[in-house]
1. With a ≥ b ≥ c taken as the square roots of the eigenvalues of the C-alpha gyration tensor of the stretch A:5-88, please select rounded if a/c is under 1.5 and otherwise prolate if a/b is larger than b/c or oblate if it is not?
2. For the residue pair B:E233 and B:D21, what label-to-label distance in nm results when each label sits 7 Å from Cα along the Cα-to-beta-carbon direction?
3. I'd like the distance separating the alpha-carbon centroids of the stretch B:116-144 and the stretch B:189-232, in whole Å.
4. Kindly list the residues of the stretch A:64-86 that lie in the label zone of A:R153, defined by a backbone N under 11 Å from the point 7 Å along the Cα-to-C-beta vector.
5. Please state the charge dipole magnitude for the stretch B:1-71, taken about the Cα centre, from unit charges on C-beta atoms (+1 on K and R, -1 on D and E), reported in debye and rounded to the nearest 20.
6. Work through the residues other than B:T59 whose Cβ is under 9 Å from its Cβ and net out their charges, Lys, Arg +1 and Asp, Glu -1.
7. Projected onto the charge dipole of the stretch B:8-55 (+1 at Lys/Arg Cβ, -1 at Asp/Glu Cβ, origin at the Cα centre), which of B:L38, B:Q55, B:L20 gives the Cα projection farthest towards the positive end?
8. Pop the C-beta distance of B:T249 and A:R88 into the FRET formula with R0 = 51 Å and round what comes out to the nearest 0.05.
Amino acid sequence: MRGSHASCARLTDETRSRLFREVVMPHLDDAFVFARWLTGNPTDAEDVVQDACLRALNGIERYSGGNARAWLFSIVRNTTFTWLAHNRPKTLVLTDDLEGAARDAPTVSESPTPEAEMIAQADEALLHTAIAALPAPFREALVMREFNGLSYREIASIVDIPVGTVMSRLARARALLIERIGKEMS
Amino acid sequence: MSDAPLDPHLTLQAALDGELDAAGQAAFERQLAADPALAATYARHLALRRALQAQFPRTSAPAALHARLQAAVSPTIAEPAHAPRRDFMKMAAALALGIGLGGSATYLALQRGTPGLDDALIANHRRALLAGSPVDIASNDRHNVRPWFDARIAISPPTPDLAAQGFPLLGGRVDVVNGAPAPVLVYRIGAHVVSVTALPGTVASRPTVADAGFHILSWRHAGFTFLMTTDAEEQELVRFAETFKAAVTGAPAP
């Protein structure tokens, strides 16, 4: 943590610690939930979030006010990608291939869809598998929206995509989940 | 989003996520009423939302992670630049106060004690004030607060009812102090709040700390060290501390 003294010469350790407690710590639970879905398990999420928070502490002078949670999420997201590239290179999915799919197929497929009552009864294991199977860009949008309660604008700024793309990714993610539930439960 | 009509399935997402303005929402509701297929899709999305929320309740980050990060920013070694200042006027004032209090386990001196601990206590108190609610469990009933601590961290400090003396209990929260979770009782002092952190065991003898408008007073009793942190005036804190001690020890209130 004391490695980047050159870049943080302007802030005292005391100020950095205070900023860290006020900017980063309140969003630790959210960051953990997010990282758990991105990495797939709590142990890796703990490593990733710790790493991300220490990066946030080192770069706390780059926090320029505004949405602290979105700022932390960007760091957690980048840290996760670095971590995944290092530890599980095969799980990385290129987003380029997906944009076409997201744009062309935002609608629910024509195959028989499950009734709302059936969806309501989907259990944890089924939902977990279905979410884990989503392509990463769809999954992260869904997780930030459903489990972190982030707004479209926040998601757009974290992922650095237009709000319209957030909507189409969410539409696609949800359609895929509903399809999968229909397939597994019928 | 009123320039071009949006794909109804995208509008549906926005409606589901509360991202439509009132006019957009009203228009979508008209669409829903007129289009049974859209209504069925919307019902499926609502069911999915409910299933996700039911199956994945909100979780917290592990306490160990929380503690490690707290420790990462809690300076444990006093920086030379902040070496204890000895201001004899303040010392004398504190000494007079100390004599006034007379409690043998009350140490008063306006000098910095353990910087790491003081900073952590003040930071915790400040953060609680900033957080909208200074408590994790809001209750003016000590019979709610003690079991809550017991269930969460298996420590339940004495929690006196001081409402009659003008210090209503606001509730409790759990802070991380010295890398371990610690119960914090929160009382109101006039327009201010006092955080009473109860550390099991005894902390090294500590003076009263005055730092940037915050005061910390410590008291040892019944296996706990009570560290009272507040942004209220020092006299107010002393009055609260005396009331708190009297209630815990069963002595008549001052």
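1. Cα axes put the stretch A:5-88 in the prolate bin.
2. 5.1 nm
3. So the separation of the two Cα centres works out to 12 Å.
4. From the stretch A:64-86, the list is A:67.
5. 560 debye
6. Neighbour charge sum, excluding B:T59 itself: +1.
7. B:Q55
8. So, using R0 = 51 Å, E works out to roughly 0.30.
Values quoted throughout were computed directly from the atomic coordinates according to the rules given, and no laboratory measurement underlies them. Everything numeric here is computed off the predicted structure, so don't read it as measured data. Neighbour counts are summed over all protein chains in view; Cβ atoms, including those assigned to glycine, are modelled from backbone coordinates with ideal geometry.
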